[in-house]
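In what follows, a structure is listed as structure tokens, so that the remarks can point back to it.
Values in this text are rule-based calculations from the coordinates and carry no lab data. None of these values were measured; they are calculated from a predicted model. Neighbour counts are summed over all protein chains in view; Cβ atoms, including those assigned to glycine, are modelled from backbone coordinates with ideal geometry.
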Amino acid sequence: MNNTENKLPFMVSALLAIGAWMACVAALFLIGLQNLLWPGAVFVALAAVLVYAAGRKSGLAGTFMEQAALAFSLCGKGLLIFGMVFLWKLTPGQICLLVWAVSAVSYFVFTQKMDRAVMAFCSMLALQYWLFEYQTEIWPYMETLSIVLFVLAYVLFFVPSEKVSPLAWGILPSCAVAFVLGLFGAAPFGLALNTLLLGACLCGVYAWRTKEKFNIGLAVLIILLCYLTNSGTVMGVALLALAFGQNRLSLKIAGFVVFAASLIWLYYHMQTTLLVKAYYLWAVGLVLLLVYAWQKRGHYAC
């Protein structure tokens with residue numbers, strides 16, 4: 001497929017994207033939604049045709065077709081999934097398997113990064129919806145699931161493949177959903193243990209990346225940072241380290257957002273005095289400065 005949108009001014013690409021999505025919405029109104037299955041099948045087929053046509057066009061026409069293919073693909077797959085759910089009265093477990101099957105098949109047909117990332121995100125949501133059935137048994141461990149998903153996404157960011165990158169971007173925001181669900185059933189001391197688990201996992205990733213250059217001092221700083229903060233703050237720091245190591249603007253933005261939001265959350269929910277909060281922030285800043293100094297000395301490789 002021609003990546004024509006990168007060759008056009010941003011505002012032109014944005015207007016074409018809006019027009020393509022409006023065309024999809026207009027088609028929805030014209031068809032009607034009494035029966036979701038056949039409009040979904042039509043939309044998916046139309047998206048496949050547009051993907052093929054976009055690869056043979058360039059300029060404005062190619063960009064419009066790419067955006068239209070994205071719109072019809074996502075809407076079509078959504079209609080198909082909801083249509084099957086309502087028609088067959090599927091259980092949460094069956095819904096999860098259906099979403100994963102649709103995502104796996106479409107991953108090889110629709111190659112746009114946004115399409116793949118959205119379907120990966122929907123697959124993770126379907127998994128968490130399945131776990132929603134087991135509320136009292138599973139909810140205390142939902143934050144642990146968010147850590148597992150984050151580490152998986154973090155490892156995938158190291159894979160230099162255009163096919164794998166959308167998976168990482170789809171899995172990453174699903175961590176927040178699992179974390180929020182975990183707040184409804186947090187076990188005693190669960191947050192502290194999960195934060196240390198995240199630190200241990202990140203140390204494992206660090207050891208895997210650095211191999212013989214692994215430095216135990218930096219690993220201790222990672223664990224210390226986990227102990228002083230929460231899992232969200234550590235995730236933000238990890239994303240920022242990776243972003244600056246690979247010089248990726250998208251990861252820098254994600255890292256800053258996660259780190260800032262988590263630090264505000266931590267500061268607001270600390271049941272203590274302002275002086276103690278200040279000490280915590282001072283300690284976190286000191287640890288981060290030490291990590292930065294270690295990185296500048298060349299002991300840390302992303």
Note down the nm distance, to one decimal, between modelled labels 7 Å out along Cα→Cβ at residue 216 and at residue 155. 2.5 nm
Need one number: nm distance between label points at residue 18 and residue 114, each 7 Å from Cα along Cα→Cβ, rounded to one decimal. 1.4 nm
Could you work out how much longer the chain between residue 87 and residue 162 gets when fully extended? Use 0.36 nm per residue separation minus the Cα distance between them, nm to one decimal. 23.4 nm
Those lysines that a straight Cα-Cα span of less than 30 Å connects to residue 77, excepting residues fewer than 8 apart in one chain: 7, 57, 89, 113, 163
